[in-house]
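Below you'll find the structure, written out as structure tokens, and then a few comments.
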Amino acid sequence: MRIAIRQTLILWVSLLILGGLTFFILSTGFAHAWMARYTGEEAFLSQIKGLSDLASDWLRPPVALAMTAPIQHTQVSPFGINTFLEQEAEPAKRELAVKLASEAGFHWLRQEFTWEDIEIHGKGDFEDRRHTPYHSAWDKYDQLVDLSEKYHMELIVRISNPPEWTRALTSTVGTFAPPDNYQDFGDFVRAVVSRYKGRIHYYQLWNEPNVNPEWGVYPISPERYTELLKVGANAARAVDPNVVIIAGALAATIDLQPNDTSGRNNLSDLLFLQRMYDAGAAPYFDIASMQAYGLYSGPTDHRMQPRVLNFSRNLFMRDLMVKNGDARKPIWIAEMNWNAAPDNVDPRYGRVTLEQQAQYLPLAYQRLIAEWPWIGVANTWYLKRATDEWEVKRQPEAYFRLLLPDFTPLPVYDAMKMFTKTVVQRHE
């Protein structure tokens, strides 16, 4: 009897000590930093919620990551930046933008070679007659290729945004909707690859085919996108067998079926990719691609929940690729950043301060370099826009930028410039 009483007392004392110790730890800055490191949250209550989410993650089957598998197209600089160079009216401003991107340590320029801006007036017509004097529609893009070479950078050329003549219903089906005849897309891909053979090696065929508006008003269809990808990849490889084909970047979304009761014409990136595999897409891309916006938590968020969108979501895509026999293929992140929208702008992409943005983006690169060997390139969204149109319209898209339209650097630009230097020095 005495032994039982003594054991009970020891148990209660132990629990009191453990509870007190837990309270002490949680009330210190150490605990705050530790919880932020694994939840990506800075507010205390959000951190506690994050810890419970992490605990529930342990009950799920582990993801298959094939950590030791040899992976192609990963022994490259991870630093890429999205640009809108085609929108700069003056050649000197295009060069300044490339120069500043290079000085910040970025190696890759993810740049759209806009179909409607090159094959403007009709099939096979590459003259720009929108303004006088008429000139070759290639001129601007030739300069972009020259600039990438001048500053020892590489282009990731995104091909999308068809001209109106490719659709009988023009843009009434959506500005970005695919063409009626996929062979028109293949012929344009062939024209681009032919012109820049040996100078551009990486082509991304389409962008965000799993969401509106990038697939127009048409029902989201991984099978139809796979057809488009096949046509484009075959056309590119017929001209240059050494090109590297990047699949269209998949937007992170949790919608389980397009045109659902919510009215959204989106489809989960994971379901979309699995259906691409089912449709036979694997031979037609060398690199998978996805968006990796941090949204509502920081880059250290380790939570793994399929219906939660955070920076760790790429592990689910990696798992899916491994299970489909594609462990040798990498993932390249097409767009990545945190949104520093001011208080009077809709925070639909989350909201961080300029200081947090400057902290988070380098941390994101640090994490993917250290933890995820299947990630090759991560392209920051974005360098700058030519005008302040997005800002005037109070669109939150404006506030991912690293430079203002007048080229004034924001804190995140300076932070990346410092960070890339430390990474280069570490690898020298």
(message) Quick check on my filter: what residues within the range 355-404 are among the β-branched types (V, I, T), within 20 Å of V98 (Cα to Cα) and crowded, with 18+ Cβ neighbours inside 10 Å?
(response) V377, T380
(message) Between A341, A292, which is in the same structural domain as E112 (by TED's automatic domain parsing), more than 18 Å from the chain's Cα centre (by Cα) and either buried (at least 21 other Cβ atoms within 10 Å of the Cβ) or modelled with pLDDT of 95 or more (or both)?
(response) A341
(request) Search the range 49-71 for residues that are assigned by TED's automatic domain parsing to the domain that holds L315 and part of a loop (DSSP other than H, G, I, E, B) and pair each with any residue that is at pLDDT below 70 and of a type in the set (F, W, Y) when their beta-carbon atoms are under 9 Å apart and the residues are at least 6 apart or on different chains. (result) none
(request) Please verify whether the range 75-82 includes one or more residues that are in the same structural domain as W206 (by TED's automatic domain parsing), assigned to a loop (DSSP other than H, G, I, E, B) and closer than 26 Å to F188 by Cβ. (result) no
(request) Provide a single number: the residues in the range 118-139 that are in contact (Cβ under 8 Å) with a residue 40 or more places away in the chain and either closer than 26 Å to W390 by Cα or not assigned by TED's automatic domain parsing to the domain that holds T380 (or both). (result) 2
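The rows are residues; the columns are (1) part of a strand (DSSP E or B); (2) among the small types (G, A, S); (3) under 27 Å from L147 (Cα atoms).
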{"site": "F176", "(1), (2), (3)": "no, no, no"}
{"site": "Q183", "(1), (2), (3)": "no, no, no"}
{"site": "A191", "(1), (2), (3)": "no, yes, yes"}
{"site": "L205", "(1), (2), (3)": "yes, no, yes"}
{"site": "T226", "(1), (2), (3)": "no, no, no"}
{"site": "V231", "(1), (2), (3)": "no, no, no"}
{"site": "R237", "(1), (2), (3)": "no, no, yes"}
{"site": "A252", "(1), (2), (3)": "no, yes, no"}
(request) Check A235 against each of (1) under 16 Å from S160 (Cβ atoms); (2) in contact with a strand residue (DSSP E or B) (Cβ under 7 Å, 6 or more places away or on another chain) and name the one condition it does not meet. (result) (2)
(request) Would you tally the residues in the range 383-424 being within 24 Å of D346 (Cα to Cα) and part of a helix (DSSP H, G or I)? (result) 12
(message) On the basis of being closer than 18 Å to Q291 by Cβ, touching a residue at least 24 places away in the same chain (Cβ under 8 Å), in the same structural domain as E88 (by TED's automatic domain parsing) and surrounded by 13 or more Cβ atoms within 10 Å (Cβ to Cβ), does T420 make the cut?
(response) no
(request) Would you check if there is a residue in the range 114-131 being surrounded by fewer than 22 Cβ atoms within 10 Å (Cβ to Cβ), of a type in the set (D, E), out of contact with any strand residue (DSSP E or B) (no Cβ under 7 Å at 6 or more places or on another chain) and not in a helix (DSSP H, G or I)? (result) yes
(message) Quick check on this structure: which one of R94, R110 is free of Cβ contacts under 8 Å to residues at least 60 places away in the same chain, in the same structural domain as L402 (by TED's automatic domain parsing) and within 19 Å of L402 (Cα to Cα)?
(response) R94
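Condition check ((1) in contact with a strand residue (DSSP E or B) (Cβ under 8 Å, 6 or more places away or on another chain); (2) more than 30 Å from G376 (Cβ to Cβ)) across all residues:
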{"position": "S160", "(1), (2)": "yes, no"}
{"position": "W165", "(1), (2)": "no, yes"}
{"position": "A177", "(1), (2)": "no, no"}
{"position": "D180", "(1), (2)": "no, yes"}
{"position": "S194", "(1), (2)": "no, no"}
(request) For D301, state whether it is out of contact with any Cys (no Cβ under 6 Å at 6 or more places or on another chain), of a type in the set (D, E), surrounded by fewer than 22 Cβ atoms within 10 Å (Cβ to Cβ) and in a loop (DSSP other than H, G, I, E, B). (result) no
(message) Based on this model, can you work out whether A378 counts as assigned by TED's automatic domain parsing to the domain that holds Y277 and touching a residue at least 24 places away in the same chain (Cβ under 8 Å)?
(response) yes
(request) Output the number of residues of the range 150-171 satisfying the condition of being of a type in the set (S, T, N, Q) and either crowded, with 18+ Cβ neighbours inside 10 Å or touching a residue at least 40 places away in the same chain (Cβ under 8 Å) (or both). (result) 3
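The values are calculated or read from the model by the stated rules, or taken from the named source; none is laboratory data. Just so you know, these numbers come straight off a predicted model, no measurement behind them. FYI the Cβ positions are ideal-geometry reconstructions off the backbone, even for glycines, and counts take in every protein chain you see.
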